[in-house]
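Right, one structure below, let's go through it.
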Amino acid sequence: MYYRKKDFRVTIKFEAVASMIQLRDFLSGKPVNTAQEAITVIDIVLREFCSSKICLNWIGRTFYSPDIRKPQRLKEGLESWRGFYQSIRPTQMVLSLNIGTEIP
């Protein structure tokens, strides 16, 4: 089978700038409107690290890997993988890493 080569043009642009100064102010108790942007950036960076170093598959904020626990065999060649949920949450003057397991 022959596959034809395709050229693609990709344009990358900045959507927003997240201020870590506003995040610092938010965590110190000052009223800030846009700290959520910085929290989202940190959440994305942690998710990317996990997806590139630890886990093979992810859906939304949940990561699945056969390395967490041996996959359970189901009928007709299907497998059930164990996974975990990850997110960054602001709490009283600190950020918390929220991790929960997904049990099949």
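The values are calculated or read from the model by the stated rules, or taken from the named source; none is laboratory data. A quick note: this is a predicted structure, and the numbers were derived from the prediction, not measured. Reconstructed Cβ throughout: ideal geometry from the backbone, glycine too, with neighbour counts over all protein chains shown. Just so you know, the surface numbers come from the protein's heavy atoms only, side chains and all, with ligands and any DNA or RNA stripped out. Shrake-Rupley method; radii C 1.70, N 1.55, O 1.52, S 1.80 Å.
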Exposure rank, largest accessible area first [Ile99, Ile42, Ile88; 1.4 Å]: Ile99, Ile42, Ile88
Starting from the 7 Å offset along Cα-to-Cβ, what nm value, one decimal, do you get for the label separation of Phe14 and Ile44? 1.3
